[in-house]
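Okay, structure first, notes after.
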Amino acid sequence: MMKFTVLTLFPEQVEDAFSHSIMKRAMEDGKIELRCINIRDYTKDPHGHVDDAPFGGGAGMLMQAEPIYEAFSYLQENEAPTKVIYCSPRGRIFSQKIAEELAGESHIVFLCGHYEGVDQRALELLNAEELSLGDYVLSGGELACAIMMDAISRVREGVLNKKESYEEESFSNGLLEYPQYTRPREYKGLTVPEVLLSGDHKKIAAWRHEESLKLTEEVRPDLYQLYRERNPEEFQPKKKKRK
């Protein structure tokens, strides 16, 4: 079972993301476990404050190191986390490859910042790795954390109904996923490609791969180039058969 513990000021925002669909079923089946710890419960400030102005000046407020560390220390009394992640726009970009790597962990702790971030000492004391969803800033780490946990959970065995569901998704093989269709065969003049109705699994697989290549080259040329570099044999001119 994969365990997630989230240190946050807004537990309900994270819990709601796991109360529906696949993640809810995975929790009910015992495939994953989610626990949220409210950092505010560990502040010594009589008014419940967990933030203060940054030394050196600057806009906004920073989350203090003490309540974060106290919350983490409480967790460590009975648990042994194998990884701590801080959701931060300055971290390395989260990807499917990283999700697959993290799926091998048994207990991941996510620290969700808010306001202008957290005191650097908290990150050092928790030995936290910083991960980012992309080159933009969110109001807090809760949404980023929920997205990362969802992506990691999907890789874990038994979370999805079929292993193929994960293996054929975008990025799992380095390419974007091919277009998909379901009933009816025709809708408002748009029809399903005939090859998908042929029943020829080899031709269907070839069509899907070709569509993935075209879509990736058009939408994500960076991924397409990387795929070509990793699979040079696929793009070699095919030798003509001698008659």
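The values are calculated or read from the model by the stated rules, or taken from the named source; none is laboratory data. Nothing here was measured: the structure is a model prediction, and the numbers come from that model. Cβ atoms come from the backbone with ideal geometry, glycine included; neighbour counts cover every protein chain shown.
You will find that of 73, 88, the residue that is in contact with a strand residue (DSSP E or B) (Cβ under 6 Å, 6 or more places away or on another chain) and not basic (Lys, Arg) is 88 and no other.
Selection of first residues in region 3-31 that are buried (at least 19 other Cβ atoms within 10 Å of the Cβ) and of second residues that are of a type in the set (Lys, Arg) and in a loop (DSSP other than H, G, I, E, B), restricted to Cβ pairs under 8 Å at least 6 apart or on distinct chains, gives the following pairs, ordered by first then second residue: 26/156. For residue 243, the conditions (1) loosely packed, with under 14 Cβ neighbours inside 10 Å; (2) modelled with pLDDT of 95 or more are fulfilled apart from (2).
When residue 86 is tested against the conditions (1) touching a residue at least 40 places away in the same chain (Cβ under 8 Å); (2) surrounded by 11 or more Cβ atoms within 10 Å (Cβ to Cβ); (3) in a loop (DSSP other than H, G, I, E, B), the lone failure is (3). Would it be correct to say that residue 194 is surrounded by fewer than 11 Cβ atoms within 10 Å (Cβ to Cβ) and modelled with pLDDT of 95 or more? The answer is yes for residue 194. Taking the conditions (1) in a loop (DSSP other than H, G, I, E, B); (2) under 30 Å from residue 176 (Cβ atoms) in turn, residue 99 satisfies each one other than (1).
The single condition among (1) in contact with a Gly (Cβ under 6 Å, 6 or more places away or on another chain); (2) over 16 Å from residue 34 (Cα atoms); (3) buried (at least 16 other Cβ atoms within 10 Å of the Cβ) that residue 118 does not satisfy is (1). Looking across region 198-227, the residues that are among the acidic types (Asp, Glu) and either in a helix (DSSP H, G or I) or surrounded by 14 or more Cβ atoms within 10 Å (Cβ to Cβ) (or both) come down to 210, 211, 217, 218, 222. Number of residues in region 121-165 that are surrounded by 16 or more Cβ atoms within 10 Å (Cβ to Cβ) and of a type in the set (Lys, Arg): the value is 2.
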